[in-house]
Structures are given as structure tokens and as C-alpha cells.
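Asker: Attaching a single structure in C-alpha cells format; questions to follow.
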Amino acid sequence: TTLSPDDSIKKQKHESNQSIDIPIENCLMWFRTDLRIQDNIALHKASTIIFTKSEKSNYVFAIYLISPEEWRSHDVAPTRVDFWLRNLKELKKSLNELNIPLIIENVDNASDVPSVMIDWCKRLRISHLFANIEYEVDEMKRDKQVFDSATSNSIKVEMLHSQCIVKPGLLKTKEGKPYRVYTPFKNSWFRHVESDLSILESSPIPFPNSVSIRNSYLETFSFKVPSSIPGFEISSELAKITRFNFPAGEQYCHSLLSKFLLQKVSKYSDARDILSQNGTSSLSPYLASGIISARQCVYKAFISNNNKLSTGKNGIVKWIKEIIWREFYRQILVAFPHVCKNMPFKKHMKNIEWNNDEENFRRWCQGKTGYPIVDAGMRQLNGMCWMHNRARMIVAMKGERYFMSHLIDGDFANNNGGWQWCASTGSDAQPYFRIFNPTTQSEKFDPTGEYIRKWVPELKHLDSKQIHNPFGVLNESEFKKLGYPKPIVDHQKARVVALERFKKVK
Ligand code: FAD
């Protein structure tokens, strides 16, 4: 069963053609992957213009574009679209409290984004357009087109840095080059932020529009957030699971962060690698969609660490370092944009001869490889649209698009960075000769087999010795009874082949 798509978008398009009486000189905030009110630099900036003498503006309007063609071309997972819509509903409520009308517009063709934006700018008499920068190549290209159209219509545009704590590209090596390796980047990041802790301060809550707009415009713009988008529907079963695991809204997200810092972070350094433990923050979907900013996360961690950043409590420092990985992969996107175009970071690696066995790939997607730990990870991905970081590392070698089209926290920089790390083709990647052995990884990070038992129920009655490699330890008839597949490859042999192929392009 699927949630029925509603036709509210079409209806809205019709309604939005009404002419409206609006004073000139307004601001428009274009929301994308920054669906929050707090610490939203572009939104705050848009709201302050109202009060400056030199650049006068009357009202702030907000807009969100529903752009299925663009989403499809970027492999956006249906569950992520569902997550966006749920968060958009919460955002709309918060904007209402600030008397800011939210326009929701459907864009059929990705190439229409500039004209749709300019149309709305004209209708709303916009003098200033604001947005937070998205760093992926296609998004930058789209924004440049909007920027050019706006400028030629005498609309000022401001694109702001709100996705990272330290602006990508700001930190450079001694030779003035972008960092390619994480550790020196992280050290430089700590030095930079510790030299000016005001970098961690959130941008203030936006100023509200005057109440008078509430009655007139909020009624005119009665845009409903659709409950689903055709082509991105999810089953009611999956909706139930993801809505339970990842509820929407800034308020929920901040309570999740506080709970994590209070109850879990002290054990984070060890617990983060144990697959059956819920030892990480689960904040990735919220960070990927901008429901919370990285700065808000690190600032709260800094306070919990008695105003320390790179020193102090182990768990907190380790966690901040993970957020720095996020910053690292974003600066990689900006400095080496070829990674957005299906290219390995290390360009010579494009000559690697990959194994393109369709049947094996299908079985990997389904979690039927015959390697319990790999299958548990893939079934977790398919079952809840999220996967434990250690499991992502174990299952990954070649399947970036499959991840992106299923993850609720799908995030180009982190996903591409993570995949290239695992495949040894990336910046600061795992050396090609360190190939994870799924059985030993399983014994180390799921020692009791609890994670496998949860996601691969066919194996739940096996003991903690048998469960990691049932094909290797059970006799033929015992194995047959499990109804579980034989391994799709012999890991030892596959390892040798992979090493030879890497050596060829070294
Ligand atoms: P925590 O351990 O609580 O970490 C806090 C935050 O730090 C995370 O929410 C995330 O924003 C950031 N972070 C943590 N680990 C990493 C990392 N290795 N690289 C970059 N940022 C990190 N993360 C995504 O957000 N989206 C993806 O699409 C994604 N794809 C990945 C694919 C592969 C192959 C690998 C190996 C990793 C991928 N990651 C991705 C990184 C990581 O697995 C997730 O961020 C993490 O599992 C999310 O869980 P958490 O929020 O509980 O993390």
C-alpha cells in the first residue's frame, strides 16, 4: 500500500496566479536543505534588511520549490522527500509565528527553476533574494543561473555560507593548497575555531514581519505542504518506521542532541563502533536536510565539554571530529568538483577494472550475499533507510547510487566521500591493500551477533560463533536448513583479484 499522492500542488499553482496588492521592496528567502529557523544565516539576513536604513525592505517572504525532476537526477531517496515534506510542515508553522508567508511551488522541469523564481520575485515585488549555498556542482550551476536572471531584473542576490562552521576553501595547507588529507585539515580547523570562538555563535532568530501581513498575505498564500509527491511515494509500512525513528522538526532534533550529549556521548568513542548499540547521535538526517546546523551541534558539545573544543572529554572530542569529517568532505567538493561528476578523487583510479556482475549486485542490494554482516547492513538500509556507520564501511565498495537512493540522510558530500574512502579511490582514503574481511569485522564489531540477529532473522538461532560465517562453519545439511544464501563470492579469492586490479593502476 502506498500513501495516495495529493493534488494540492496543482491546486496551489492555480491559486497562486491571483493578483495581490503588495508594497514594493520585499525580501525572498529561498529554502533548500536548510529547513530551519534557528541559526539560518540567510533567513536572519533577509529579516534584518527590513530594519536597515540604506537597504529598505517591507516584508520577508519565503519560498520552497518542489522539483521532482531535479531530485530524480540526484537519486534522492523517496524517504528523504517524505522527511523534507514533514519538516516543511514544521517550518511552515514556525514561519507563521514570524508572520512570514511560505510559498510552495512545483517546478516540472529542473531548467525552469530560474524563470519560476523570477516570476515569484516579480509577483512579490522582491528587491533582495537570499539563500544559503549548496556546494554540489549542479546546485551551484542552478544557483548561478538564478543569480544571473535576478541580477538582470535588478534584484540583489545574497548567497550565504550556513552549511559548514568553517567556510569551505578558507583553510589551506602551508603551500596555499586545499587539504587532501583529513588529519591536518582537522588540526587546522581546530586552530582556526579556537582562535576565534565567536565562530561557534549561532546567528540570531530572524526578526518577524509586522503583524499586519498576517491577515492579508498569510491568507492569500494559503499553500498547503503536500503529504507526498508523485514518483516519491513510500509504503505506509516504511512511513511508519521512518516517522517513528526520525520525527520531524527543529524542536525534536534539539531534544535528540541534548539527550545524546547527556546520556550517550561519554561512551561514544567505543560505542560508536558496536553495531548492535545505539551509540551514535542519529542526527545525520537532520544535518543532511539542515534541520539543525553543524554549528549548533558543535556549540552545544563545546558547552558540555566545559568550554573546550579539541581537548577535554574523549567522547565529545571524538564526536566533534566526526562533524569535522563532514566539513572536510564539503571542502573536498568545493576544491575538487570532479568528484561530483562520477569521477574518483584520485583520477588515475578511474582505470580500475570493476566487477560488474548484475546478479551479485542485485543480491548485495537485497542483503542476500551470504555474508551475514553485509546482509544485516543492507537489510538495515532497506528496512529503515539508515545504516550504522561501521556497517556502511563494511558493505561499501561500489554502490554509491544505491545508498543515495535509499538513505534518509543521503548527503552527496558525505556519501561520495565515504564511498570513495571505502573504495580506496578518495581523498585520505583507506589504502587499497586494506580490504575489510566481513567475517573478522563482524566478530569485532558485532561480537554477540545481536545486530545480525535483528536484521537477518533466518540466522537468529545460531550462536555467536556460528553466526558470523554460517557457510564456513556449519555442515552442508545444517546450512541448507537455514534458507540462507551461500556467499556470492569467495572472499579470499575476490580479495586477490581486487588487489591485482588496484596494483595495475597504482
Ligand atoms: P554520529 O556518529 O553521531 O556523528 C555525528 C555527525 O557527524 C553525523 O550525523 C554526520 O553528519 C557526521 N559524520 C559522522 N561520521 C561521518 C563520516 N564518516 N563522514 C562524514 N560525516 C560524518 N553520512 C551522511 O550524513 N549521509 C550519507 O549519505 C552518508 N553516506 C555514507 C556512505 C559511506 C560508504 C560511509 C562509510 C559513510 C557515510 N556517511 C554518510 C557517514 C556516516 O556513516 C553517517 O554520517 C553516520 O553513520 C550517521 O550517524 P549519526 O548521525 O548517528 O552519526
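Asker: What span do the alpha-carbon atoms of the chain cover on each of the three principal axes, reported in whole Å from largest to smallest?
Answerer: 79, 56, 46
Asker: May I ask for the distance between the Cα centers of the stretch 213-249 and the stretch 344-396, given as a whole number of Å?
Answerer: 31 Å
Asker: Calculate, for residue 481 and residue 72, the FRET efficiency according to 1/(1 + (r/R0)^6) with r their C-beta to C-beta distance and R0 60 Å; round to the nearest 0.05.
Answerer: The computed FRET efficiency comes out at 0.90.
Asker: Averaging over all projection directions, find the projected area of the Cα convex hull of the stretch 43-140 and quote it in nm² with one decimal place.
Answerer: Values: hull surface 28.1 nm².
One quarter of the hull surface, i.e. the mean projection, equals 7.0 nm².
Asker: Turning to a different aspect of this structure: What longest range of the chain stays clear of loop-exposed chymotrypsin sites (Phe, Trp or Tyr not before Pro) (DSSP non-H/G/I/E/B, at most 12 other C-beta within 10 angstrom)? Walk me through the numbers on the way to the answer.
Answerer: Details: sites that count: 51, 354, 433.
The longest uninterrupted stretch comes out as 52-353.
Asker: How large is the convex hull of the C-alpha atoms of the stretch 82-211 per residue, in Å³? The partial results should precede the final answer.
Answerer: Working: hull volume 22.5 nm³, N = 130.
Taking the convex hull of the Cα positions in the stretch 82-211, it is 173 Å³ per residue.
Asker: Taking the alpha carbon gyration tensor of the stretch 351-427, what are the square roots of 5 times its eigenvalues, largest first, to the nearest whole Å? The partial results should precede the final answer.
Answerer: Numbers: eigenvalues 63, 54, 23 Å².
The equivalent ellipsoid of the stretch 351-427 has semi-axes of 18, 16, 11 Å.
Asker: Label points 7 Å out from Cα along the Cβ direction at residue 212 and residue 306: separation in nm?
Answerer: If labels sit at residue 212 and residue 306, their model points lie 5.5 nm apart.
Asker: Now for a separate question. Please enumerate, by chain and number, the lysines with C-alpha under 21 Å from the C-alpha of residue 172, excluding those fewer than 8 residues away in the same chain.
Answerer: Those lysines meeting the cut-off are 186, 321, 346.
Asker: Moving to a separate point now. Exposed loop GluC sites (Glu not before Pro) only (DSSP loop, at most 16 other Cβ atoms within 10 Å): please give the longest stretch of the chain free of them, not including the sites.
Answerer: Numbers: sites that count: 25, 55, 175, 201, 353.
Longest run free of exposed loop sites: 354-506.
Asker: How far is the Cα center of the stretch 257-315 from the Cα center of the stretch 89-154, in Å?
Answerer: If you average the Cα positions of each part, the centres end up 33 Å apart.
Asker: For the pairs 174/398; 89/313; 177/506; 454/486; 45/93; 267/506, note any where the Cα-Cα span goes beyond 30 Å.
Answerer: Violating the 30 Å Cα-Cα cut-off are 174/398; 89/313; 267/506.
Asker: On to the next question. Tell me the label-point distance for the pair residue 205, residue 454, using the 7 Å Cα-to-Cβ offset, in nm and rounded to one decimal.
Answerer: 3.6 nm
Asker: Here is a further query. Under 13 Å between alpha carbons, and skipping anything fewer than 8 positions from residue 308 in its own chain: which aspartates and glutamates qualify?
Answerer: 194, 196
Asker: Taking Cα atoms, how many degrees apart are the long axis of helix 372-384 and the longest axis of the chain, rounded to 10 and kept between 0 and 90?
Answerer: So the inclination is approximately 20 degrees.
Asker: Are there trypsin sites (Lys or Arg not before Pro) in the stretch 385-472 that DSSP marks as loop and that have at most 13 other Cβ atoms within 10 Å, and which are they?
Answerer: 434, 460, 465
Asker: Same structure, new question: How much length is gained if the chain between residue 503 and residue 251 is pulled fully straight, taking 0.36 nm per residue apart and subtracting their Cα-Cα distance, in nm to one decimal?
Answerer: Separation in residues times 0.36 nm, less the Cα-Cα distance, equals 85.7 nm.
Asker: Check residue 61: other-chain or 5+ apart residues with amide H under 5 Å from its amide H, H built from backbone geometry?
Answerer: 27, 28, 29
Asker: While we're on this one: Gain in length, residue 25 to residue 318, computed as 0.36 nm per residue apart minus the alpha-carbon separation, to one decimal in nm?
Answerer: Extra length available between residue 25 and residue 318 comes to 100.8 nm.
Asker: How big is the stretch 120-174 along each principal axis, measuring the range of its Cα positions in Å and listing the largest first?
Answerer: 48, 19, 16
Asker: Oh, and also: How far, in nm, would the chain grow between residue 112 and residue 430 when pulled straight, counting 0.36 nm per residue and subtracting the alpha carbon separation?
Answerer: Stretched fully, the residue 112-residue 430 segment lengthens by 110.4 nm.
Asker: Now for a different question. Over the stretch 401-446, what relative contact order in percent results from Cα pairs under 8 Å that are six or more residues apart?
Answerer: 17 percent
Asker: Return the sequence-ordered ³J(HN,Hα) values of the stretch 210-226 in whole Hz as given by the Karplus equation 6.51 cos²θ - 1.76 cosθ + 1.60 applied to θ = phi - 60°, using x for Gly and Pro.
Answerer: 5, 4, 4, 5, 3, 5, 6, 7, 5, 7, 4, 9, 8, 6, 9, 7, x
Asker: Please state, to two decimals, what the Cα-based radius of gyration of the stretch 208-298 comes to when divided by 2.2 N^0.38 Å (N = residues).
Answerer: Normalised Rg, Cα atoms only: 1.50.
Asker: Treating the angle as unsigned and between 0 and 90°, give the value, to the nearest 10°, between the Cα long axis of helix 236-245 and the longest Cα principal axis of the chain.
Answerer: Roughly 80 degrees, rounded to the nearest 10.
Asker: For the chain, take the longest principal axis of its alpha carbons; what is the angle in degrees between that and the long axis of helix 78-97, to the nearest 10 within 0 to 90?
Answerer: Value to nearest ten degrees: 30.
Laboratory data are not the source of any read-out in this text; all were calculated from the coordinates shown. Computed from a predicted model, the values in this text were never measured in an experiment. With ideal geometry, Cβ positions are generated from the backbone for all residues, glycine too; neighbour counts draw on all protein chains shown.
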